[in-house]
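The values are calculated or read from the model by the stated rules, or taken from the named source; none is laboratory data. A quick note: this is a predicted structure, and the numbers were derived from the prediction, not measured. Cβ coordinates were reconstructed from backbone atoms using ideal geometry, including for glycine residues, and neighbour counts include every protein chain displayed.
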Amino acid sequence: MSFLDKAKAKLTDAVDKHGDKISGGIDKAAAAADRKTGGKHTDKIAGATGKARDALDKLDNKNDRDLGPGTDLPDAPRR
């Protein structure tokens, strides 16, 4: 088994065990970035968040998305 195969196996195992925490971290990072930019880049942040979640889902072949309330980015502040 090559180094990359071992690394992918470890990463996949970590995602299997902690996918919900990783998904929550993605949400928190997106919300923080959206607040810091004042909502100017909400669409780009949401797109990047979606890609990160898709990558997470590919690693463990299951949907780790928290579909409960509060999963969307907060409303952007109005100027």
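Here Asp34 fulfils each of the conditions (1) modelled with pLDDT under 90; (2) surrounded by 12 or more Cβ atoms within 10 Å (Cβ to Cβ) apart from (1). Filtering region 1-29 to residues that are loosely packed, with under 12 Cβ neighbours inside 10 Å, of a type in the set (A, V, I, L, M, F, W, C) and in a helix (DSSP H, G or I) leaves Phe3, Leu4, Ala7, Ala9. Being within 13 Å of the chain's Cα centre (by Cα), modelled with pLDDT under 95, surrounded by 13 or more Cβ atoms within 10 Å (Cβ to Cβ) and of a type in the set (Asp, Glu), is that true of even one residue in region 41-62? Within region 41-62, one or more residues are within 13 Å of the chain's Cα centre (by Cα), modelled with pLDDT under 95, surrounded by 13 or more Cβ atoms within 10 Å (Cβ to Cβ) and of a type in the set (Asp, Glu).
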